[in-house]
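Q: For reference, the structure I am asking about is given below.
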Amino acid sequence: MAFDLSTTLPYLAPASSAEDTAPVFAYGQADAPIFRVFSESLIVHYVIDEPGALVYVRERDVSEALREDLHHVAIDNLRRRVAERKVRFETKGETAYAKWDGQHDTALLLLDELWDHRGADLVATVPARNRLLFCETKAGLDELRSQATKACSELFRRRGRGWHPL
């Protein structure tokens, strides 16, 4: 089945789940979703946001030579959608949630322009598949650590134009 890859979005998800019990590539490598490593606990998948479902872009859908282009298209699409529907930041104590569409909120980590202007002590974590929590003060770090979960126990510090494990 061919579909329009120009509508691809990045989808940040746990690299593995405690609920995974089946082989990762049960139907063969060609049917496996394309992914890019973000960190030890998170990977970037690429999806087409179809009505009622996310369709993963699979290995057979894009040649190896075009994977970097796929990533750039997905980031540009996310950037365009965020420009149309603004991100909300909901503060809770010393931390804040970045909220957008409830499906791709964690992928907001991939948009440098959302984070570049923030403080030097910016730290984030992904406490659930669709939740992005961050703090901009040292006081919020303990609260952030308490929110880190088995799905993503990593904390990420913003340095330069990227996120790095703390």
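The values are calculated or read from the model by the stated rules, or taken from the named source; none is laboratory data. Remember, predicted model here, so these are calculated numbers, not experimental data. Every residue, glycine among them, receives a Cβ derived from its backbone with ideal geometry; neighbour counts consider all protein chains shown.
Q: Residues that are assigned to a strand (DSSP E or B), loosely packed, with under 12 Cβ neighbours inside 10 Å and modelled with pLDDT under 85: does the stretch 29-52 have at least one? Spell out the reasoning first.
A: To start, the set of residues in the stretch 29-52 that are assigned to a strand (DSSP E or B) comprises 33, 35-37, 42-50.
Next, only the ones that are loosely packed, with under 12 Cβ neighbours inside 10 Å stay: 37, 50.
Those left that are additionally modelled with pLDDT under 85: 50.
For the stretch 29-52, residues assigned to a strand (DSSP E or B), loosely packed, with under 12 Cβ neighbours inside 10 Å and modelled with pLDDT under 85: present.
Q: Right, next: When you go through (1) of a type in the set (Val, Ile, Thr); (2) in contact with a helix residue (DSSP H, G or I) (Cβ under 7 Å, 6 or more places away or on another chain); (3) surrounded by fewer than 20 Cβ atoms within 10 Å (Cβ to Cβ) one by one for residue 125, which number turns out not to apply?
A: Among (1) of a type in the set (Val, Ile, Thr); (2) in contact with a helix residue (DSSP H, G or I) (Cβ under 7 Å, 6 or more places away or on another chain); (3) surrounded by fewer than 20 Cβ atoms within 10 Å (Cβ to Cβ), the lone unmet condition for residue 125 is (3).
Q: Looking at the stretch 96-130, which of its residues are part of a loop (DSSP other than H, G, I, E, B) and under 15 Å from residue 77 (Cβ atoms)?
A: 100, 101, 103, 104, 111, listed by residue number.
Q: Suppose we filter the stretch 63-75 for residues that are touching a Phe, Trp or Tyr at 6+ places or on another chain (Cβ under 8 Å) and under 16 Å from residue 4 (Cβ atoms); how many remain?
A: Looking only at that region, the number is 2.
Q: On the given criteria, is residue 144 under 19 Å from the mean Cα position of the chain (by Cα), under 18 Å from residue 102 (Cβ atoms) and surrounded by 19 or more Cβ atoms within 10 Å (Cβ to Cβ)?
A: Working: under 19 Å from the mean Cα position of the chain (by Cα): yes; under 18 Å from residue 102 (Cβ atoms): no; surrounded by 19 or more Cβ atoms within 10 Å (Cβ to Cβ): yes.
Judged against the criteria, residue 144 is not a match.
Q: Counting only residues that are of a type in the set (D, E, K, R) and closer than 16 Å to residue 42 by Cα, which one in the stretch 104-135 is modelled with the highest pLDDT? Working first, answer last.
A: First pass over the stretch 104-135, keeping only residues of a type in the set (D, E, K, R): 105, 112-113, 116, 118, 121, 129, 131.
So of that shortlist, the ones also closer than 16 Å to residue 42 by Cα come out as 105, 129, 131.
Values: 105: 95, 129: 80, 131: 90.
It comes out as 105.
Q: Would you please name the residue that is nearest to residue 106 (Cα to Cα), looking only at residues in the stretch 63-91 that are loosely packed, with under 12 Cβ neighbours inside 10 Å and among the aliphatic types (A, V, I, L, M)?
A: If we take residues in the stretch 63-91 being loosely packed, with under 12 Cβ neighbours inside 10 Å and among the aliphatic types (A, V, I, L, M), then 83 is nearest to residue 106 (Cα to Cα).
Q: Now for a different question. Do we have any residue at all in the stretch 78-100 that's within 17 Å of the chain's Cα centre (by Cα), on the phi > 0 side of the Ramachandran plot and not assigned by TED's automatic domain parsing to the domain that holds residue 13?
A: Within the stretch 78-100, none of the residues are within 17 Å of the chain's Cα centre (by Cα), on the phi > 0 side of the Ramachandran plot and not assigned by TED's automatic domain parsing to the domain that holds residue 13.
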